[in-house]
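Peer 1: Sending over a structure as structure tokens; questions will come in a sec.
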Amino acid sequence: DDHVVADQIDMYFDYGRRVAVLGDNGQGKTTFLRTIAGTLDKLSGTMKWGHHCRLGLYAQHVYQSIGAGHTVESYLIAQATSDIKTQQVLDTAGSFLFSNEAVKKEVSVLSGGERARLCLAGLMLSDVNVLILDEPSNHLDVESVQALSEALQRYHGTIIFTSHDSDFVKDIATDVIEVKDGGVTLFPADYDEYLYRVQQYVDDQFEDQTPEKKEAPKKSSGADAYQRAKKLKGVERRIKKINNEKEQLEQAMASCENPEQMQELGKKLEALNEDLEKQEEQWLLLSD
């Protein structure tokens, strides 16, 4: 009860993002997920979900507790919203590898992997629009993981998940949260970009140092860290604004038929890309 896993956490992310929570074992990934899901009380601070956010949680204790009185089909029908037709339920069951006679299976005879798939399929059919998934690829075979990955890529809500499967993370994540050394940091980048930035940071730190001269990065004071966090927040907001402007420009370019106007839009897009690159460099320096 008196152990603080992580503190000074300050972040936000937009609806519809797919956020991977990464970190070594024991750093606090599950603790972080449980805290934002509300199954573990936070020690201090505030957390707020947007309007109409409805949370769905997937964890080992959740899928193990599926009622044994159901068949696969009846469980999914019970989980589905009222506007979903039976055929849609069966289609979803099929995408999670419950086809033909498999939908008639009693839940009581399902394996752990099958229950996991069933629970995930039920979440996809329910009215939740924020999925919090703790190691959803565990206990699944390769085919099941691929089916889950494809389903989550089609999902229109927000996903916050942790997984040790790097290919699964790469296929799904639009953003990365790193839990490390008592801190939680949001990287507004996909998995490949995250790995690149981490490697770039390591290379920059030790580029000119011999093995005998290598030193650990110096820790800054609390005041410095606070100021840096404020600046980081501003940069993140600027990145968000640039990305929104880029999306609007790209939509305008897609429907533009005037060559001169297209050229002008192209110049604006180029300027935004240059600004975005500078902001991302600044973000990396501040987050380091």
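Peer 1: Which pairs break 22 Å Cα to Cα here: K42/K231; K85/K105; K170/K267; K29/K278?
Peer 2: Flagged as over cut-off: K42/K231; K170/K267; K29/K278.
Peer 1: Explain nothing, just compute: Karplus ³J(HN,Hα) = 6.51 cos²θ - 1.76 cosθ + 1.60, θ = phi - 60°, for every residue of segment 169-181 in order, whole Hz, x for Gly and Pro.
Peer 2: 4, 4, 5, 9, 5, 9, 9, 10, 10, 9, 9, 7, 6
Peer 1: Can you give the calculated 222 nm mean residue ellipticity of the chain, where each DSSP H run of n ≥ 4 adds -39,500 (n - 2.57) and the sum is split over every residue, rounded to the nearest 500 deg cm²/dmol?
Peer 2: -16000 deg cm²/dmol
Peer 1: Here's another thing I want to ask about it. For an R0 of 30 angstrom, estimate the FRET efficiency from the Cβ-Cβ distance between D141 and A68 and round to the nearest 0.05.
Peer 2: The computed FRET efficiency comes out at 0.85.
Peer 1: Net charge within 14 Å of S126 by Cβ-Cβ distance, Lys/Arg positive one each and Asp/Glu negative one each, not counting S126 itself?
Peer 2: -1
Peer 1: Using the basic label-point model (7 angstrom from Cα toward the beta carbon), what is the E247 to D83 distance in nanometres?
Peer 2: Those two pseudo-labels are separated by 2.1 nm.
Peer 1: A further question on this structure: State the answer as a single residue: which of I84, M262, G23 lies farthest towards the positive end of the charge dipole of the chain, with beta carbon charges of +1 for Lys and Arg and -1 for Asp and Glu, about the Cα centre.
Peer 2: I84
Peer 1: List the residues whose amide H sits under 5 Å from the amide H of K180, counting only those 5 or more places along or on another chain, with H placed 1.01 Å from N in the peptide plane.
Peer 2: Amide H neighbours of K180, under 5 Å, 5+ apart: T185.
Peer 1: Using the beta-carbon distance between D7 and A271 and R0 = 45 Å, what value does 1/(1 + (r/R0)^6) give for FRET efficiency, to the nearest 0.05?
Peer 2: 0.70
Peer 1: Need one number: convex hull volume per residue for segment 32-160, Cα atoms only, in Å³.
Peer 2: About 110 Å³ per residue, rounded to a whole number.
Peer 1: Using a Förster distance of 30 Å, how high is the FRET efficiency between S108 and T39, based on the Cβ-Cβ distance and rounded to 0.05?
Peer 2: 0.70
Peer 1: I would also like to ask the following. Let me know the volume per residue of the alpha-carbon convex hull for segment 1-73, in Å³.
Peer 2: Cα-based convex hull of segment 1-73, divided per residue, equals 164 Å³.
Peer 1: Now a separate question. For the pair N258/T46, report the inter-label distance in nm, with labels modelled 7 Å from Cα in the Cβ direction.
Peer 2: Between N258 and T46, the label points sit 4.6 nm apart.
Peer 1: Assign unit charges at the C-beta atoms only (+1 for Lys and Arg, -1 for Asp and Glu), then state the dipole size of segment 1-63 relative to its Cα centre in Debye, rounded to the nearest 20.
Peer 2: In debye, rounded to 20, segment 1-63 gives about 400.
Peer 1: Would you mind giving the three semi-axes, in whole Å and largest first, of the ellipsoid equivalent to the chain according to its Cα gyration tensor?
Peer 2: 38, 27, 18
Just so you know, all these numbers are worked out from the coordinates, no wet-lab data involved. Quick caveat, the model's predicted, so the values are computed rather than measured. Counting neighbours? That spans all protein chains shown, and the Cβs are built from the backbone with ideal geometry, glycine included.
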